[in-house]
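Okay, structure first, notes after.
The values are calculated or read from the model by the stated rules, or taken from the named source; none is laboratory data. The shown structure was predicted, so the numbers you read here are calculated from the model rather than taken from an experiment. We place every Cβ from the backbone using ideal geometry, glycine too, and count neighbours over all the protein chains shown. Accessible surface is based on the protein model in full, side chains and every heavy atom, while ligands, DNA and RNA are left aside. Shrake-Rupley method; radii C 1.70, N 1.55, O 1.52, S 1.80 Å.
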Amino acid sequence: MMAIRELKVCLLGDTGVGKSSIVCRFVQDHFDHNISPTIGASFMTKTVPCGNELHKFLIWDTAGQERFHSLAPMYYRGSAAAVIVYDITKQDSFHTLKKWVKELKEHGPENIVMAIAGNKCDLSDIREVPLKDAKEYAESIGAVVVETSAKNAINIEELFQGISRQIPPLDPHENGNNGAIKLGKQATQASRRCC
Amino acid sequence: MADNLPSEFDVIVIGTGLPESIIAAACSRSGQRVLHLDSRSYYGGNWASFSFSGLLSWLKEYQENSDIVNESPAWQEQIFENEDSIALSRKDKTIQHVEVFCYASQDLHEDVEEAGALQKNHASVTSANPTEGAHSAYLPSEHESCTVSCEMPTEKTPKSDLENSLEINDVEATREKEKHCDDKTCVKSVSEEETSENVLTAEDTSLQSKKNRITYSQIVKEGRRFNIDLVSKLLYSRGLLIDLLIKSNVSRYAEFKNITRILALRDGRVEQVPCSRADVFNSKQLTMVEKRMLMKFLTFCMEYEKHPDEYKAYEETTFSEYLKTQKLTPNLQYFVLHSIAMTSETASNTIDGLKATKNFLHCLGRYGNTPFLFPLYGQGELPQCFCRMCAVFGGIYCLRHSVQCLVVDKESRKCKAIIDQFGQRIISKHFLVEDSYFSENICSHVQYRQISRSVLITDRSVLKADSDQQISILTVPAEETGTFAVRVIELCSSTMTCMKGTYLVHLTCTSSKTAREDLEPIVQKLFTPYTETEIENEENEKPRLLWALYFNMRDSSDVSRNSYNDLPSNVYVCSGPDCGLGNDNAVKLAETLFQQVCPNEDFCPPPPNPEDVIIDGDSLQSEVSESSFIPEANSETPKESTSLGNPEGSSQ
């Protein structure tokens, strides 16, 4: 039987670049033109095979906290990877990408895998960011880079496969969560028993 | 910032401390439109935790706080004839008597900077945005190290070379103090050049030997490993906060560690207090007779209400008097009084003591051998977890955003809007404001208590054990009347609050004097200042202090609403942290205020099951209803499953 590894992935990028759409496409293979600014989805999960392991992605959305630059540091805790999204039709969103990388360096865990997604590549006739720029930048920070279209389902699977490949193999000495306690699981049992 | 804030909400919450964050989450969860603001650049207010450099910035902020000039557009013109205004405070006055001491050697030849998460440091990553400086909450700066002086607070005089340098620093510090500090906040500062010269001469001559010792520059470099809480609390494993975290499913955002040891300080020695059944039987320090006595007494305490005859006669006496009448040796009486009931000789009566003992025992065993949990990355995570829940249900978050005034309708005497730092008027129905945001006009009659706090970085545990990853709580009883018991919580690096090879120690008590005056005697009992001398040769086994911080924090809990002047009925006051060990006060306050804002609404109910959610769009609907619900399904569904977290019930 294949081992399942839970991997937290956090999404970063400006409001409106398509963070939620990418997750929605990846997890549910669905695209909604009128997706409202992220409401209600705390995180989504999808499990994909990778070598001898199954990678269960827990994909955290910003819940809109990026809108006024108020992402909480807890958002980054324990992330194995970060997907940083920009909009290839908006130069501004590529500029701020660098700011998100800086924020990751400050608050994110060490050795976090970074993947840059240039979203909305179906709109390449109104492109403002050349792929070359993104590639150069990604290389300079050691990130995976790919242009995606959540709308047309282009490169979304590839983006997450790219992340999977970058995840270092499980260190047998580091037994997952270091003895940390997750409250929910035991608690449901406990409360059932006593009431 | 391209976006403007919407101009109308149901609830505006000002301050991101724990009670405010819980209320924001609860309101958002029950469908209110919530705007959650904080004038600071970080979450949590006085409940926040900081990396080492973040803490230094915080200290600096308090140092410079007094010079803030009001640059915001005038709001007075915006107040109409039929309106009054309540100006909010622009200055945080809740922190006083800040004192910092660095004992670790400061190797200032190197340009020390906090290391980033990602090792590659690229010059190309430059600011594209002029607001960026303000944007990062924990921006490290290489100049921060100069706010810390190398000074010995003790009277003891160390060896000659060292003494020389320290004396000079002392003088410098005093001179700087006169220049910079007002009487409230005083961070001793020495200019970098002077410190480095003086300290280094001392270092160069005598001490190059110890390579493995932790230096100040290592602490700065590894600064991200620290998550230093401004308040030091633990969660009772059956306390209100744990229940709320589980009920609301906010617990999924956090992980916890069990406190591993309860300690006591007796006759200058630190020892472990046996509290669980296993502990009692395994204890080497108790005699067989004592073990039986203790087990019998604790068993009685578990259901003391059933045996009123046993304590009825002592209801009017103190708990400590009552304990003397029980078959307990002085040793055991001490453990029960100070370490288990955590009360004092004089303060509590028999019933309170029994209740506290029962509560302690009741919490044992739920998650481990002691009744307490501590959140990984620090207590400061908890407000953020509730804020995330609020955001998930549509709450809007804005840090670094101050409010100039509340606008009050003259006729109805109700608050109708706020005017923010940009002069924008934002309408709302309810306003929850954290105490520190009120100006002196509002709080002139409020009597605040104070909390004395100390944060220490040390090089080893106060009690050596097989494992170096212990999390301990130690209560030191008050020594004289008029002072208070001191709570010591020692955190190891696996709590993700300090770097490997160090311990983070928090001391807390109700203030009777300044934090340093209240706490330094205990610090001296437990620790010894780090010096460069060969301490291994001595018998002294005490852990060494690398760095120490003292400050007083305002305790605005238990302040009656009536003590605030002229508050409109739809403005609610949230208090800052209290001095207690648990978080029950914050949860109770949040629930009470929530019930006033949203009467008859459920307080933070579990998130809706995806199957009950109606979302527009047919395809999504079917996907969602097939999916499994995360918390339970997590561990059991190896098949590829897609699950949606918790869609908002009322969306669209």
Taking the range B:327-358 only, how many residues are open to solvent by less than 50 Å² (accessible area, probe 1.4 Å) and more than 22 Å from B:Gln272 (Cβ to Cβ)? 4
Considering the range B:398-413 alone, what residues qualify as being assigned to a loop (DSSP other than H, G, I, E, B) and farther than 12 Å from B:Asn82 by Cβ? B:Leu399, B:Arg400, B:His401, B:Ser402
Out of B:Ile451, B:Ile473, I need the residue that is open to solvent by less than 40 Å² (accessible area, probe 1.4 Å), over 29 Å from B:Gln218 (Cβ atoms), touching a Lys or Arg at 6+ places or on another chain (Cβ under 8 Å) and not in a helix (DSSP H, G or I). Which one? B:Ile451
Which of the residues belonging to the range B:381-402 are more than 9 Å from every other protein chain (Cβ to nearest Cβ) and either surrounded by fewer than 23 Cβ atoms within 10 Å (Cβ to Cβ) or of a type in the set (Gly, Ala, Ser) (or both)? B:Ser402
Counted residues, the range A:70-89 - those being under 18 Å from B:Gly394 (Cβ atoms) and either more than 8 Å from chain B (Cβ to nearest Cβ) or of a type outside the set (S, T, N, Q) (or both): 3
Number of the condition not met by A:Val145 [criteria: (1) assigned to a strand (DSSP E or B); (2) open to solvent by less than 10 Å² (accessible area, probe 1.4 Å)]: (2)
Give me the pairs, please: first residue somewhere in the range B:1-17 and within 14 Å of chain A (Cβ to nearest Cβ), second residue anywhere and part of a loop (DSSP other than H, G, I, E, B) and modelled with pLDDT under 95, beta-carbon distance under 6 Å, and either six or more positions apart or on two chains. B:Asp3/A:Arg67
I'd like the full set of residues that are farther than 22 Å from B:Leu235 by Cα and without any contact (Cβ under 8 Å) to a residue 24 or more places away in the chain, limited to the range B:571-599. B:Gln595, B:Pro599
What pairs come out if I take residues in the range B:23-36 that are over 13 Å from B:Ala590 (Cα atoms) and pair them with residues that are of a type in the set (Ser, Thr, Tyr) and surrounded by fewer than 24 Cβ atoms within 10 Å (Cβ to Cβ) whose C-beta lies under 9 Å away, six or more apart or interchain? B:Arg29/B:Ser248; B:Gly31/B:Ser650; B:Arg33/B:Ser428; B:Leu35/B:Ser428
If the Cβ limit is 9 Å and pairs must be 6+ apart or interchain, which residue in the range A:90-108 that is free of Cβ contacts under 8 Å to residues at least 40 places away in the same chain and at the interface with another protein chain (Cβ under 7 Å from one of its Cβ atoms) pairs with which residue that is acidic (Asp, Glu) and part of a helix (DSSP H, G or I)? A:Lys99/B:Glu132; A:Lys102/B:Glu132
Scanning the range B:219-257 for residues that are on the phi < 0 side of the Ramachandran plot, of a type outside the set (Lys, Arg) and in contact with a Pro (Cβ under 8 Å, 6 or more places away or on another chain) gives B:Gly223, B:Leu230, B:Val231, B:Leu235, B:Tyr236, B:Ser237, B:Ser248, B:Ala254, B:Glu255, B:Phe256
Assess whether B:Glu490 counts as being surrounded by 18 or more Cβ atoms within 10 Å (Cβ to Cβ), not hydroxyl-bearing (Ser, Thr, Tyr) and not in a strand (DSSP E or B). no
Regarding the range A:49-59, can at least one residue be identified that is open to solvent by less than 20 Å² (accessible area, probe 1.4 Å), modelled with pLDDT of 90 or more and at the interface with chain B (Cβ under 9 Å from one of its Cβ atoms)? yes
In the range B:363-375, anything open to solvent by 20 Å² or more (accessible area, probe 1.4 Å) and within 11 Å of chain A (Cβ to nearest Cβ) is listed as B:Gly365, B:Arg366, B:Tyr367, B:Gly368
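Residues of the range B:345-397 being part of a helix (DSSP H, G or I) and farther than 22 Å from B:Cys275 by Cβ, which ones?
Residues satisfying the conditions are B:Glu381, B:Leu382, B:Pro383, B:Gln384, B:Cys385, B:Phe386, B:Cys387, B:Arg388, B:Met389, B:Cys390, B:Ala391, B:Val392.
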All-but-one check, B:Lys257 against (1) in contact with a strand residue (DSSP E or B) (Cβ under 6 Å, 6 or more places away or on another chain); (2) within 14 Å of chain A (Cβ to nearest Cβ); (3) open to solvent by less than 20 Å² (accessible area, probe 1.4 Å), failing number (3)
Which members of the range B:500-528 meet the condition of being surrounded by fewer than 21 Cβ atoms within 10 Å (Cβ to Cβ) and within 18 Å of the chain's Cα centre (by Cα)? B:Thr510
